[in-house]
Each structure stands twice: as C-alpha cells, then as structure tokens.
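J.: Handing you this structure, nothing more for now.
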Amino acid sequence: MTKKRLKLGIFGFGCVGTGLYKVLEEAGSVEANIKKICIKHADKPRPINKRYFTTDKKELLLDPEINVIVELIDDAEAAFEIVSKAMKNGKAVVSANKKMIAERLPELLKLEQTYKVPFLYEASVCASIPIIRNLEEYYDNDLLTSVSGIFNGSTNFILTKMINDHVSYPVVLKEAQEKGFAESDPTLDVEGIDPKYKLCIILFHAFGLITQPKDIFNFGISRISDFDLNFAQQRNYAIKLIAKCNKNGNEITGFCAPTFIEKEDPLAHVKYEYNGVVLESAFSENQLMIGKGAGDKPTGSAVLSDISALTYDYKYENKKYKHVDKNLKLVNNGTYKVYVRYNDTFSNFEDFSSIEEKFTSPYGNYFIGSINLETLSKSQWIKNKNINIIFIS
C-alpha cells in the first residue's frame, strides 16, 4: 500500500495542538509535515518558529498544498465552519471536537459523502484509547450489547485525589486545571457534559444510532461531599463518573452519572487521568481498554494516529449506521438504584418505585431507592444544589 505525503494545516495550538506537535516530532515515522497553524492571538509566546503561525484561516483553507486540516479548537460553531469549508475544498479533516461531532453528526456525514473526503476524530473520545477504530474495525460484525466506562480523565483525576489523597474538591480542581487536565471553566467536565458528547459518538459507532446530547441524561461530580465519600468508604465502594449505554432489542438506554462501584470492579482500578472502556458483546463477551484520557501527548497521539491513517487513505465505513435497524431508538425507560443525599428534608419519595434504606443524622441524610431514568431526568428536585445523587452499580 502506497503512503501519501501529507501537508497539514492546523487550527488551534493549545494543549492538544502542542501535544500533536511534540508527538509528530518525536515519532518521525509519519509522512506528514505541518505547513501552517491558525491561531487567535499572534503575539502570544509559543515554543516553535513564528513562521508557522497565521491568524488568517484562508491561508490554510485555500492553500492547494495543504491536503489535511486538523481542527483542534474549543468553539464548536467555529469548528463546524472550518471543517465544512475544508471538506468543501476537498481536504481531509481530523478533529478532536466532541461537542461539534455529537451535535452536528448528520451534517458532517452528509459533507463527507458529498465531497468524498475522509473525516476522522479518534481524539474526540477517550484520548489515547483507540475506541472508535476498534468499534469500526474489530467490532463491526460483533453483536455489542453494552459500552460503558470512564470517558473523562479530568473528573477521574479529581475523584481519585479526593478519595485516595483526601484532597478537597476546590483544591484538586485547581490542580487539574494547572496540569492541563481541566479547562479554566470546568463545567463541561465536572457536570458530566463532556462524557455525554463522547457517549453520543460511541452510540453511533457501536450501534449506528444518531442521537442528540440533549436526549441523554447527565449528572456531574461537583456536589460530591465528605459525607458521600465516607459512605463510599464504609460500603467499600469507589466513585466513578460512568457513561453507559445498553442495547435491548431495538431500544437503547444511555446516561452519564457518578456511580458507586465495587472495589473489585476493574474500573475501580482506573485512576487519576486514565480512562477505561468496557465492551460487552455476544461473541467476545467482556473487553476492557485502559489509557490516558487527558493531557497533551495522550490526546495528541490520538490525533497523530488519524493523520497516520490518512497516509493510507483510511476512512470510517460506518457499517453499523448503514445497516442499522430503522426502529432502533434511544429510550429513558430503565429503572436504576440510586443513593440520594440531602440536607434537611426530602418530599418526593413518590418518584421512586421502591425505597430500601433511609438514614438521618445531624451531619447529613440519605436514602437508597429505585427510580425510572425518565422520571429522574424530568424531576425538579434534582436541580437543588443541596441534593446529590449517585447511581449504584
């Protein structure tokens, strides 16, 4: 197979862009060179020669020598505009923007098909874990029933430090930001929105289902208190922010929420900025993949793997989507066991199909009950900042 020589135009030179530059230089085996990098602030100090940089996106999008656009910016709307124009100009695209992909997937698929150019985005899900490529190639004919795991390295780092090192949430959040694991505005990570975007992408490659992030329930880790951590310790639980989807017939359920898991669970041993993905299928049964889910080089390596694949004209075949059951749909009708911690009183027990445990004390109160996912997602009491919920695996 003949390898193509690639000339890259990169949008963005933050954490991931810098990581890509480092791994591209160190690898040395990928037939690709950076020609131009488009950035916002020309006067910002950067570790490489100024000749690479421009603030004019046309220098990349209209340059006939640049055959691959690598999109690594935060703004999903601006990213979609860049990606769209690149594909319309006949350029292959590599992206790490999970929000853009999750929200605009039908449009992106249409652009890819219309302009006959590949669009790859391994780095958008779980950084160094090659989950998309595995779902596309290894599990293309396997009957997957479930995909679950830790899809966000920032929150896993925070939870590990809180539990193992007894560091308070504000302190460890600041450390995560200083290490480049969390953004200055950490909302997407700590409220479970980032892993929800990734779950949407997983749903497409695992089952061929296109859905919108707004249709998937998410709950974050920002309300976890010492009371919750003590409960976990007493019950021999670990706490992980788990994203999960299950297929049953032509129905799929999906959510992202903090979850108590047994210390013996393989995911309990996935710590700090690492991610872990568990695949369950009819033929190969359970598979566990672990890798770094945050940081410049781990994410940059995923981008580099897509660039390397383009030297061989690789593209996703989207077999699951092409042969998907037209009746396949996302539903929120599953019933789950949850721990609910509250400060003073709780008056919505009727939302629960059963209550199996209650506890009250001067230091805090909780109960454990079973609730329908749709009921939970539509409840008003869940918006109360003094109430926390944690699923029980």
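The values are calculated or read from the model by the stated rules, or taken from the named source; none is laboratory data. Small disclaimer: the values here were computed from a predicted structure and weren't measured. No Cβ is skipped: glycine too gets one built from the backbone with ideal geometry, and neighbour counts run over all protein chains shown. What goes into the accessible areas is simple: the full protein's heavy atoms, side chains included, and nothing from ligands, DNA or RNA. Shrake-Rupley method; radii C 1.70, N 1.55, O 1.52, S 1.80 Å.
J.: Just to verify a result, which residue in the stretch 300-354, among those that are assigned to a helix (DSSP H, G or I) and of a type in the set (Asp, Glu), is least open to solvent (accessible area, probe 1.4 Å)?
T.: Result: ASP306.
J.: Looking at PHE13, PHE80, which is the one that is open to solvent by less than 70 Å² (accessible area, probe 1.4 Å) and in a helix (DSSP H, G or I)? Spell out how you get there, then give the answer.
T.: Values: PHE13 fails: in a helix (DSSP H, G or I).
Result: PHE80 is the single residue among PHE13, PHE80 that is open to solvent by less than 70 Å² (accessible area, probe 1.4 Å) and in a helix (DSSP H, G or I).
J.: Still on this structure, please answer the following. Select, from LEU203, LEU229, LEU199, LEU209, the only residue that is in contact (Cβ under 8 Å) with a residue 12 or more places away in the chain, in contact with a helix residue (DSSP H, G or I) (Cβ under 9 Å, 6 or more places away or on another chain), open to solvent by less than 20 Å² (accessible area, probe 1.4 Å) and in a helix (DSSP H, G or I).
T.: Exactly one residue qualifies, and that residue is LEU199.
J.: Find all pairs meeting these conditions: Cβ atoms under 7 angstrom apart; at least six residues apart or on different chains; first residue within the stretch 253-273 and in contact (Cβ under 8 Å) with a residue 24 or more places away in the chain and among the hydroxyl-bearing types (Ser, Thr, Tyr); second residue open to solvent by 10 Å² or more (accessible area, probe 1.4 Å) and part of a loop (DSSP other than H, G, I, E, B).
T.: Pairs that qualify, where the first residue is in contact (Cβ under 8 Å) with a residue 24 or more places away in the chain and among the hydroxyl-bearing types (Ser, Thr, Tyr) and the partner is open to solvent by 10 Å² or more (accessible area, probe 1.4 Å) and part of a loop (DSSP other than H, G, I, E, B), are THR253/VAL331; THR253/ASN332; THR253/GLY334; THR259/SER393.
J.: Just name the residue that is most open to solvent (accessible area, probe 1.4 Å) out of those in the stretch 355-393 that are touching a residue at least 12 places away in the same chain (Cβ under 8 Å) and in a helix (DSSP H, G or I).
T.: GLU374
J.: Tally the residues that are open to solvent by 60 Å² or more (accessible area, probe 1.4 Å) and either in contact (Cβ under 8 Å) with a residue 60 or more places away in the chain or not hydroxyl-bearing (Ser, Thr, Tyr) (or both), restricting the search to the stretch 178-196.
T.: 5
J.: Another question, then. So TYR52 fits all but one of (1) at pLDDT 95 or above; (2) touching a Gly at 6+ places or on another chain (Cβ under 8 Å); (3) within 22 Å of ASP296 (Cβ to Cβ); (4) open to solvent by 20 Å² or more (accessible area, probe 1.4 Å); what number is the exception?
T.: (2)
J.: Next question, about the same structure. From the set of residues in the stretch 257-278 that are in a loop (DSSP other than H, G, I, E, B) and in contact with a strand residue (DSSP E or B) (Cβ under 8 Å, 6 or more places away or on another chain), which is surrounded by the fewest Cβ atoms within 10 Å (Cβ to Cβ)?
T.: For the stretch 257-278, the residue satisfying everything is LYS263.
J.: Tell me which residues, restricted to the stretch 65-74, are within 16 Å of ARG104 (Cβ to Cβ), assigned to a loop (DSSP other than H, G, I, E, B), modelled with pLDDT of 95 or more and not aliphatic (A, V, I, L, M).
T.: none
J.: Across the stretch 112-129, which residue is nearest to the chain's Cα centre (by Cα) among those that are surrounded by 21 or more Cβ atoms within 10 Å (Cβ to Cβ) and in a helix (DSSP H, G or I)?
T.: SER124
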